[in-house]
Amino acid sequence: MTAATVGGRGAGRAQATRASLLAAARGVFSESGFAEANIADVVSRAGASVGSLYHHFGGKADLYLALFEDYQSRQEERAASAVRGARGEGERDPFELFLVGAGAYLRGCWEERELARMFLDGGGPPGFELIARRRYRDWILVNAALLRADDQPLGETLVLVLTTVVAEAGREVAVQDTRDDAMRLADEVLEMLGRIGRG
């Protein structure tokens, strides 16, 4: 057995431990909220040790922030993948591409509704609001580039309005009782955004 093989197995175990801690944290934080969540519950669900949690995350706050970053990365990839797919099918209109990305984001809010509810409602560790705000600002900049905001009057204002509507709609989609209700709301929001953007 080579050192690379041993290192590869160790890395695989570390990744598996990290993933199980994140999955357990997802359940515990969603049920209890950040303030009431207990590290002992997370490690118990993960079948891990307290030491492994602190090794991978440094504590409860870091674990929450890692969960947030993972969720945001998945949401960004959903939207980017949908936009790439639409471009691949020949769509070139920036606003139509924005709507495709927004639709993917809203569907993600339903698919991961327990996380969407938790993060959109706030209540994380100290400093979380600032981190979430920075992520939101980054999202606005991505949308500004997609919509070519610099090339049109009121472009930056339009991007701000559209992004804000999608974010708030995501919160509402996540709290619907059924998938049908959530998708109906998402479709209505996209229709309304279409009227705003094309107007």
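The values are calculated or read from the model by the stated rules, or taken from the named source; none is laboratory data. Since this is a predicted model, take the numbers as computed values, not measurements. In this analysis, Cβ positions are derived from the backbone assuming ideal geometry, glycine residues included, and neighbour counts consider all displayed protein chains. For accessibility, only protein heavy atoms count, side chains too; no ligands or nucleic acids. Shrake-Rupley method; radii C 1.70, N 1.55, O 1.52, S 1.80 Å.
Accessible area per residue for segment 42-164 in Å², computed with a 1.4 Å probe and the full protein assembly in place, what is it?
Normalised by residue count, the accessible surface of segment 42-164 is 52 Å².
Heavy atoms only, 1.4 Å probe, whole protein assembly: order ILE39, ILE196 by accessible area, highest first.
ILE196, ILE39
Kirkwood hydrodynamic radius, computed over distinct alpha-carbon pairs, for segment 39-119: how many Å, to one decimal? Don't skip to the end; give the middle numbers.
Details: mean 1/r = 0.0681 Å⁻¹.
One decimal place: 14.7 Å for the Kirkwood radius.
Helix-only mean residue ellipticity at 222 nm, the chain, DSSP H runs n ≥ 4 weighted -39,500 (n - 2.57), per residue, nearest 500. What is it?
Values: 9 runs with 164 residues, N = 199.
Per the formula, -28000 deg cm²/dmol.
With a Förster radius of 30 Å, plug the Cβ-Cβ distance of LEU154 and ARG92 into 1/(1 + (r/R0)^6) and report the FRET value to the nearest 0.05.
Given R0 = 30 Å and the Cβ-Cβ separation, E is 0.85.
Could you give the C-alpha radius of gyration of the chain expressed as a fraction of 2.2 N^0.38 Å, taking N as the number of residues it contains?
Taking N as the residue count of the chain, the ratio is 1.19.
Within segment 55-149, what whole-number % of the accessible surface is contributed by carbon and sulfur, with the 1.4 Å probe and all protein chains included in the calculation?
Carbon and sulfur atoms account for 51 percent of the accessible area of segment 55-149.
In what sequence, largest accessible area first, do GLU89, GLU36 appear using a 1.4 Å probe? Kindly include the intermediate steps, with their values, before the conclusion.
On the way: GLU89 165, GLU36 140 Å².
Per-residue accessible area, sorted high to low, gives GLU89, GLU36.
Using θ = phi - 60° and the Karplus relation 6.51 cos²θ - 1.76 cosθ + 1.60, list the HN-Hα couplings for segment 87-92 in order, rounded to whole Hz, with x at every Gly or Pro.
Rounded to whole hertz, the list is 4, x, 8, x, 6, 10.
Mind grabbing the accessible area of TRP139 for me, 1.4 Å probe, Å², rounded to tens?
Near enough 60 Å² of accessible area.
Could you work out how much longer the chain between VAL161 and ASN38 gets when fully extended? Use 0.36 nm per residue separation minus the Cα distance between them, nm to one decimal. Could you put the intermediate results ahead of the total?
Details: separation 123, 0.36 × 123 = 44.28 nm, distance 3.80 nm.
So the chain would gain 40.5 nm between VAL161 and ASN38.
Relative to the Cα centre, what is the charge dipole magnitude of segment 55-199, using +1 at the beta carbon of each Lys and Arg, -1 at the beta carbon of each Asp and Glu, and rounding to the nearest 20 debye?
That gives a dipole near 220 debye.
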